2 protein chains.
Amino acid sequence: MPEYKAPLRDIGFVVNEVLEAEKVFQTLPGYEEATTDLMDAIAAEGAKFCEEVLQPLNQVGDEEGCTWSEEGVTTPTGFKEAYRQYVENGWASLAADTEYGGQGMPNLLGIVNTEMVGSANWAWGMYPGLSHGAVKTIEEHGTPEQKEQYLTKLISGEWTGTMCLTESHCGSDLGLLRTKAEPNADGSYAITGQKIFISAGEHDMTDNIVHIVLARLPDAPEGTKGISLFIVPKVNVNEDGSLGDRNGVHCASIEHKMGIHGNATAVLNFDAAKGYLIGPENRGLNCMFTFMNTARVGTAAQGLSHMEQSFQGALVYAKDRLAMRSLTGPKNADGPADPIIVHPDVRKMLLTQKAFAEGSRAFLFYLAMLGDIVDKGTEEEAKNADDLMSLLTPIAKAFMTETGFEAANHGVQIFGGHGFISEWGMEQIVRDCRISMLYEGTTGIQALDLIGRKILGSGGKLLLNFTNMIDELCQANNDEADKPFTDVLNAKKDEWLGLSMQIGEAAMSNPDEAGSASVDYLMYSGYITLAYFWAKMAVIARQKIAEADGDTSFYEAKLMTAQFYFERLLPRTESLKTTMLAGADNLMQMPEEMFAF
Amino acid sequence: MPEYKAPLRDIGFVVNEVLEAEKVFQTLPGYEEATTDLMDAIAAEGAKFCEEVLQPLNQVGDEEGCTWSEEGVTTPTGFKEAYRQYVENGWASLAADTEYGGQGMPNLLGIVNTEMVGSANWAWGMYPGLSHGAVKTIEEHGTPEQKEQYLTKLISGEWTGTMCLTESHCGSDLGLLRTKAEPNADGSYAITGQKIFISAGEHDMTDNIVHIVLARLPDAPEGTKGISLFIVPKVNVNEDGSLGDRNGVHCASIEHKMGIHGNATAVLNFDAAKGYLIGPENRGLNCMFTFMNTARVGTAAQGLSHMEQSFQGALVYAKDRLAMRSLTGPKNADGPADPIIVHPDVRKMLLTQKAFAEGSRAFLFYLAMLGDIVDKGTEEEAKNADDLMSLLTPIAKAFMTETGFEAANHGVQIFGGHGFISEWGMEQIVRDCRISMLYEGTTGIQALDLIGRKILGSGGKLLLNFTNMIDELCQANNDEADKPFTDVLNAKKDEWLGLSMQIGEAAMSNPDEAGSASVDYLMYSGYITLAYFWAKMAVIARQKIAEADGDTSFYEAKLMTAQFYFERLLPRTESLKTTMLAGADNLMQMPEEMFAF
């Protein structure tokens, strides 16, 4: 099993040098305490917990999985104890509101922690991870009483939360859902139906689980406009906050699945379970978007976590494993063969992992900081940040999980046949990672969100916000050394704008043109977005090298990785450009019955 | 679990209409009996066995896996019985030499069977599959006595064979292997050492297993020139052919792995086991190449098998699953939503699977028929066919497994969250498929073989053999309707030749330039090779449509799929072209210690 060492140097680089977070937080009321020193200290402490407590449980979780019985779900050996420690150390409440007992640290620090927890043990991390969305939803849409009753314990980690959307016949298309909510005399609702794929939906870590459930009121309109949102606790909560009797929600079974075995994916039966309306009637889906956006950024983090985890495992192996000689003569003449890191293709795979991981880290952390600005900035700042988040969230979710899966597979490939063997832990990363392209909206759903709602829906305005940032970066950094990055990026940015316009026009006469271009367009957008962060990092690295009198190798590696990204990964946009313009005809013309004979 | 229906119509199209196999076999002494009627009948009979017997055991094999004990390995429920039936029905001996009891059918028919068996149950198929290589090796390099003693029972399927190359410290770099062979007084050798990753290395299906083992004679030169090849039966064989005492080879354990759970991946301990030299001393690796080439084509077949298997599962689901409305208005107005096959991106994934599967089928079957020409053609024909096989085998192995893995993942993606759940059987395909890019030489190894040995090693001659075929096809089919295929292909062919030259020149001054380009070059070559087969199929489909008076929808679908391939998949060569020319610098410049901080 690969060991995990949190990449604190690189995390610090992104937080302090790329995002200059302290400077930003000084301008955000409530976050002034988040200084570089404090953030570094918290990250280092979190790193220790992830390395020492969570990572050793990662393979255990995969092998044992969760066990279901009538009484509930037993999590793998050590999971419960690790959770207790996590809560005791205050990690659960790190980035939550102080009003309900949170520590009020920025979202950015929360995502730093999410990355590290996820690299150490993604399946475990989903238990506390799901709570964040529940907290956000209740914070935004709950009544003062609901906040009082649920938020404090969700934030402390005494309870966890879930998100109950999917039913067996509907996932992406929530308009089809059937779970019913019928008014009780006491103002609560009786929730009846079955939900599936509920991550962390049942477990033995806490005394209560707070389910956030989508259901239909009687006589609600059909489709997405007839869905309301409810809080349904596993155990009813008395008015004094103590636990009452068991509510009518039970875990009927858990799924056998490809990966994330340590996390229980529950089928939940709601049998006239007591639920409490949250937000306005029939507006549940709108309220749920808060939850879903948080979850999408969290899933983007999963991509990053697996990139880093797989890269670390593969790098150790590539330095250690001896096979064949370098094409340019022995590099380990005294040994029987050279370490495989001398071979160009092994390096290509390692650098692909590294470039995706470090680029995604900058992208993801930036996104998290936008969330902080939405929460604490001025109205105008918040609006701008929210617009950027709207554009970038589907890109981050789909692009980081697709490239995360690629990176995880490179890790297996570098190990050769050993990569396929469970003991080494590399194939688990592929299996755990595979879900990330599916849940919280598949890649296809993100792509439709991006091109339909975000690009065309805003008449290109949301995109311009970001391309203007690219423009600024390129304008401000155009001397000879920066040009290999900024000139290329600038041209790509113009191409991106042009393509968006072109697809938009085609879509006006035939909406299938947008759908046909969507996934290629999203991936293309992802490569350019990452190029922006790589160009930015390259510019900073160059400045640091110029300023530094001491060790500059970190920054030199950054520049080399940026070069690799621009020369080896960004060119993937060329094919994507051609295929996104290939038109709907080659996809739509074939009649259903002619797909197979 | 997806049902499997053998794609007999498409298999027949490739065998009879694309390859015109009957016509070819009429010219090959010994294969005259292989008429269209007979081949169709055999394929149909094989299809039944795969659909009815093997496919129902596929998920069982995955869930149960193999069980190891001191006494040996127990295969999953039903595997043994299915094997007995397979042997009784004569499938094991189908394409083997009549001199030792084989049915003397062409290799092509063998690979048709391999595809179907593999789609139905790849893990099971590896038990008989590994025997083919052992048979080939003994046929080519064995003494008459060895053939007498081992071939008949391997061919009948009474015994199975294996290929014992890998040791824990060496896989790709066999020069490092340590297993020793010391001469016994009776002319045999005492084999001592440990081999790992031996597929089908131990099982309960047959009374004996014939291991083909690489080992070193005393005082053999170091490296690859000191390796010899031995036959090591699990149970010693008496002179009369009956089984004697147990030989000193034992299965120490089996691996826990990502997929192909139904096949035992054995660690074999050789403890002065009796072995028999096969072929000349110290030339074992050369002899083993026979085996390896067979195995590489067999692994290419694995890619095809999983493409087809995943496509079939996904297609049924895409027609059945209702979610959202078509962007151009309801297509299933009476239902609550449209089947997801109306959505462009779902179609893109399905067509990608379909185009890879059908293109690969033509490519693979062609390769198998080349093998038949090598075996039975005139000296000149055999030489030409062998040259083409040399070039195309590494392309087929790496390209079909890489795209097979992509196709398998599309299958999961089309299922959404359900794709991740074991019950549906789609994620098993991804896990089973993942090994194909690793064993029998990783993608990286194939790429070095292609660019180093085959392209540069032949001074481009091997490539010209194939590009001349492309040229011929394009010259002969250049009217308006064919041009969208043949014009594009022709230009790509010129580009391919130019790139090969360019990389060759760069490699002369720096061998790392070849290594740096290798995998992109291989994938690029794969897309063009498949374009050749798609262009050829399109030309034939057009002719058939022009000729036919009846149902032409099969050929229309072929044309539409060809169009899809040329417009949506072939353009991937554009990015590959850029990145293969990106130079070694961005890969080689980073010092080992700067990959992580």
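The values are calculated or read from the model by the stated rules, or taken from the named source; none is laboratory data. On a predicted model such as this, the values are computed, not experimentally measured, just so you know. Glycine gets a Cβ as well: all are built from the backbone with ideal geometry, and neighbour counts include every protein chain shown. Accessible surface is based on the protein model in full, side chains and every heavy atom, while ligands, DNA and RNA are left aside. Shrake-Rupley method; radii C 1.70, N 1.55, O 1.52, S 1.80 Å.
Laid out as a table, the results:
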| item | result |
| --- | --- |
| Long-range neighbours under 8 Å by Cβ, at least six apart or interchain, first residue in contact (Cβ under 8 Å) with a residue 12 or more places away in the chain within segment A:536-559, second aromatic (F, W, Y) and open to solvent by 30 Å² or more (accessible area, probe 1.4 Å) | A:F554/B:F597 |
| Answer from A:G359, A:G335, A:G377 - the residue that is crowded, with 21+ Cβ neighbours inside 10 Å and at negative phi | A:G359 |
| B:I540, sole failed condition from (1) within 10 Å of another protein chain (Cβ to nearest Cβ); (2) under 26 Å from the mean Cα position of the chain (by Cα); (3) surrounded by fewer than 22 Cβ atoms within 10 Å (Cβ to Cβ) | (1) |
| Residue check, A:I395 touching a Phe, Trp or Tyr at 6+ places or on another chain (Cβ under 7 Å), hydrophobic (A, V, I, L, M, F, W, C) and surrounded by 24 or more Cβ atoms within 10 Å (Cβ to Cβ) | no |
| Residue match in segment B:415-423 (condition: within 10 Å of chain A (Cβ to nearest Cβ), among the hydroxyl-bearing types (S, T, Y) and in a helix (DSSP H, G or I)) | yes |
| Count of segment B:338-356 residues which are surrounded by 24 or more Cβ atoms within 10 Å (Cβ to Cβ) and among the polar types (S, T, N, Q) | 1 |
| Test: residue in segment A:266-280 that is of a type in the set (A, V, I, L, M) and not in a strand (DSSP E or B) | no |
| Breaking point among (1) small (G, A, S); (2) open to solvent by 10 Å² or more (accessible area, probe 1.4 Å); (3) at pLDDT below 95, for A:G284 | (2) |
| Cross-chain or 6+ apart pairs with Cβ under 8 Å, segment B:8-24 first and more than 14 Å from every other protein chain (Cβ to nearest Cβ) and closer than 15 Å to B:F554 by Cα, then charged (D, E, K, R) and part of a helix (DSSP H, G or I) | B:N16/B:E22; B:N16/B:D40; B:V18/B:K536 |
| Unique residue being within 13 Å of chain B (Cβ to nearest Cβ) and open to solvent by 20 Å² or more (accessible area, probe 1.4 Å) when the list is A:L315, A:L322 | A:L322 |
| Residue in segment A:187-194 that is under 30 Å from B:Q59 (Cα atoms) and either at pLDDT below 95 or open to solvent by 30 Å² or more (accessible area, probe 1.4 Å) (or both) present | yes |
| Within segment A:332-363, considering residues that are within 9 Å of another protein chain (Cβ to nearest Cβ) and among the basic types (K, R), the one farthest from B:S168 (Cα to Cα) | A:K354 |
| Enumeration of residues in segment A:451-462 that are open to solvent by less than 50 Å² (accessible area, probe 1.4 Å) and within 12 Å of chain B (Cβ to nearest Cβ) | A:I451, A:G452 |
| Count of residues meeting criterion [over 22 Å from A:A120 (Cα atoms) and within 13 Å of another protein chain (Cβ to nearest Cβ)] in segment A:257-299 | 2 |
| Number of the condition not met by A:S253 [criteria: (1) open to solvent by 40 Å² or more (accessible area, probe 1.4 Å); (2) in a helix (DSSP H, G or I)] | (2) |
| Residue in segment A:520-532 that is out of contact with any Lys or Arg (no Cβ under 8 Å at 6 or more places or on another chain), farther than 24 Å from A:P7 by Cα and more than 13 Å from chain B (Cβ to nearest Cβ) present | yes |
| Any hit, segment A:439-447, residues being among the acidic types (D, E), in contact (Cβ under 8 Å) with a residue 12 or more places away in the chain and within 12 Å of another protein chain (Cβ to nearest Cβ) | yes |
| When residues of segment A:569-590 are limited to those that are farther than 20 Å from B:S516 by Cα and open to solvent by 40 Å² or more (accessible area, probe 1.4 Å), the one nearest to the other protein chains (Cβ to nearest Cβ) | A:T578 |
| Among (1) touching a Cys at 6+ places or on another chain (Cβ under 9 Å); (2) surrounded by 21 or more Cβ atoms within 10 Å (Cβ to Cβ); (3) under 30 Å from A:V430 (Cβ atoms), the one test that A:S228 misses | (3) |
| Subset of segment B:195-213 [on the phi > 0 side of the Ramachandran plot and of a type in the set (D, E, K, R)] | none |
| Test result for A:S172, within 21 Å of the chain's Cα centre (by Cα) and modelled with pLDDT under 95 | yes |
| Any hit, segment A:410-418, residues being within 22 Å of the chain's Cα centre (by Cα), under 18 Å from A:Y532 (Cβ atoms) and not assigned by TED's automatic domain parsing to the domain that holds A:R542 | no |
| In segment B:547-568, residue least open to solvent (accessible area, probe 1.4 Å) [restricted to those that are at the interface with another protein chain (Cβ under 9 Å from one of its Cβ atoms) and among the polar types (S, T, N, Q)] | B:T561 |
| Residue match in segment B:429-438 (condition: more than 7 Å from chain A (Cβ to nearest Cβ) and more than 18 Å from B:K257 (Cα to Cα)) | no |
| Complete set of residues in segment B:208-252 that are within 12 Å of B:Y276 (Cβ to Cβ) and small (G, A, S) | B:A215, B:S228 |
